[in-house]
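Here, each number is a calculation from the coordinates, and none is a lab measurement. A quick note: this is a predicted structure, and the numbers were derived from the prediction, not measured.
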Amino acid sequence: MARRRSGGVLSEDADEARAQILKAAEATFQRYSIAKTTMDDIAKEAGVSRPTIYRYFRDRDTLIAAMVETRSRRLFDKARAYLRERATFAEQIVDGLIFLVDRGRKDDLIRLIVSPEHMNMATALLGSSGLATRLTLEMWAPLIDEARERGEIRDGLTDEQICEWITLVELILVGRMDFGASDDPEHRRMLTTFLLPGIVTDTSAADARLVT
């Protein structure tokens, strides 16, 4: 497939220029796939030279990570508002993981990154780099603080430990393409049984959701 050039011009504003490059990268990822897209392709799509791309992003992984961060943060306010409708942190964790996994899979780029053929890259980019844990902490820290004030968090746990555990489970669920249906009692049971006891003081509200 012939590579094409968009003829775009980057903004003089650094943040806007980065956003333009990310938009160009998204277009090339969707056109050629993540594995086959080069920095040259992204530069051509953005209408600039490859060295110009490197002025804003150290390498391709850095660029992909920035794109994941940007798209993830679009969900955070919406997700927190949705979860604050739940009465307990136990319910928030279960519903939150289902919500985030489901919404993530509906995002074109996230779906590409976590597709089976890219799972090794996703594990390195999101897991080994710590990016997933940092984003999880950013998303969940306000809810954890509120849960602590209500006395719902087990003693001795730090925010970082809780978010590492949530991240691990979330990365597993993202790879489970059969997971995500919010009305599936078995998926809820799995989260309630194996995730919650190590974090919250009382799982009864989440348990009750399994039989209602």
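Per-residue Karplus couplings for the stretch 93-106, computed as 6.51 cos²θ - 1.76 cosθ + 1.60 with θ equal to phi - 60°, are listed in order as 5, 4, 5, x, 5, 4, 4, 5, 5, 5, 5, x, 5, 7 Hz, Gly and Pro entered as x. Taking θ as phi - 60° and the Karplus parameters 6.51, -1.76 and 1.60, the scalar couplings of the stretch 25-33 work out to 4, 4, 4, 6, 4, 6, 7, 10, 5 Hz in sequence order, x denoting glycine and proline.
Taking the square roots of five times each eigenvalue of the Cα gyration tensor of the stretch 8-59, the equivalent ellipsoid has semi-axes of 17, 11, 9 Å, listed largest first.
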